[in-house]
Amino acid sequence: IVLPAKKRVFLIGDSTMANNGDNPNAVGWGVAFPKYCDTTRIEVINKARGGRSTRTYTKEGLWDEVKNQLKLGDFVMIQFGHNDAGAVDKEKFRGSLKGNGDETQQVVRDSLTETVHTFGWYMEKFIKESKEKGAVPIVLSQTPRNEWPNDKVERRSDSYGKWSKTAAENQGAFYIDLNEIVALKYEALGKEKVKLFFPKDHTHTGAEGAAFNALAVAESLRKLKDCGLKDYIEIPK
């Protein structure tokens, strides 16, 4: 019997989604996500990488590596924002320009000139090129950090969340506002419980926090009407 080839879902993003090796204090939600998928029918391929922004994920060829594997009917889950706020023209050289516009900045390093685009421009590139390959892109806003200004979980809804949503709308991609969804869940749990999800710092979850966020992703996918990926999601009773 020849079994039909499994569908595939590629994850692209930063350390909050990635498999960060043996570090128990920085576990991305993508590590726990397969627990909520019917892995007899779909394969989860986690290509998220710690420390990457939309810009460096592109520049280092990580996106091309994923794009070249994409086939008709694959899914691509796209989540960035934590590292895009870095410096554009110094130290780690990973910051992207703010917003969704077409403006660029020329950055010279090691005598090479790099053209840096806006966060939204890179996000739209991932979406557009996924679609060109026949894959289905799903954009997520970034995971919230364990920061509680005025006793509310910090949101990024006026910056990276908004720009992610705009990029998804501009290119006709599915969008999940994970930042808001998880922030509300954290507020319902309360500060003390949420603190246990973050053993290292205010950005990275341990395994328990990663599983919590992965479940929130799975639940959100189940609610995305017209998105075929929801047929492969299994949430234990």
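The values are calculated or read from the model by the stated rules, or taken from the named source; none is laboratory data. All figures in this text were calculated on a predicted structure; none of them were measured in a lab. Don't worry about glycine lacking a Cβ; one is built from the backbone with ideal geometry, like all the others, and counts go over all protein chains shown. For accessibility, only protein heavy atoms count, side chains too; no ligands or nucleic acids. Shrake-Rupley method; radii C 1.70, N 1.55, O 1.52, S 1.80 Å.
Structure notes:
- Relative contact order, percent, the chain [alpha-carbon distance under 8 Å, six or more residues apart]: 22 percent
- Among the listed pairs LYS71/LYS92; LYS98/LYS131; LYS35/LYS71, those beyond 27 Å (Cα-Cα): LYS71/LYS92
- The translational diffusion coefficient of segment 129-180, from Stokes-Einstein at 25 °C and 0.890 mPa s with a Kirkwood hydrodynamic radius over alpha carbon pairs, comes to 205 µm²/s.
- Considering only ALA85, PRO4, VAL107, the residue lying farthest towards the positive end of the dipole of the chain is PRO4, judged by Cα position with unit charges set on Cβ.
- In sequence order, calculated HN-Hα J values of segment 119-132 (Karplus, 6.51, -1.76, 1.60; Hz; x Gly/Pro): 3, x, 4, 5, 4, 5, 4, 4, 5, 4, 6, 4, 5, 4
- Along each principal axis, Cα extent of segment 1-99, largest first, Å: 57, 31, 22
- Share antiparallel - DSSP beta bridges, segment 36-152, percent rounded to 5: 50 percent
- Candidates GLY120, LEU97, TRP63 compared by Cα position along the dipole of segment 24-124: farthest toward the positive end lies TRP63, with charges placed on Cβ.
- Structural size metrics of segment 32-162, computed from C-alpha coordinates, are Rg and Dmax of 16.2, 50 Å.
- Extension gain for LYS92 to ASN23 (0.36 nm times residue separation, less C-alpha to C-alpha distance): 22.7 nm.
- Look at the alpha carbon pairs under 8 Å that are at least 6 residues apart: their mean separation over the length of segment 68-202 gives a relative contact order of 24 percent.
- Once the Cα gyration tensor of segment 108-208 is diagonalised, semi-axes √(5λ) in Å: 30, 19, 13
- Straight-distance crosslink candidates among lysines, where the alpha carbon sits under 19 Å from LYS152 and sequence neighbours closer than 8 are dropped: LYS162, LYS185, LYS191, LYS193, LYS195
- Contact order normalised by residue count of segment 1-129, Cα under 8 Å, 6+ apart, percent: 23 percent
- In Å, descending, principal axis extents of the Cα set of segment 166-214: 39, 20, 16
- Alpha-carbon gyration tensor eigenvalues x 5, square-rooted, for segment 80-151, Å: 23, 22, 10
- Secondary structure note: in the chain, about 25% of the DSSP beta bridges are antiparallel.
- Computed from point charges on the beta carbon alone (+1 for Lys and Arg, -1 for Asp and Glu), the dipole magnitude for the chain about its Cα centre is near 440 Debye.
- Neighbour net charge for ARG8 - beta-carbon separation under 10 angstrom, K R +1, D E -1: +1
- Each Cα pair of the chain feeds into the Kirkwood radius, which the Stokes-Einstein equation turns, at 25 °C and 0.890 mPa s, into a diffusion coefficient of 136 µm²/s.
- Over the chain: helical MRE at 222 nm, DSSP H runs n ≥ 4 each giving -39500 (n - 2.57), nearest 500: -9000 deg cm²/dmol
- Whole-number accessible area per residue in Å² for the chain, which is evaluated in the context of all protein chains at 1.4 Å: 48 Å²
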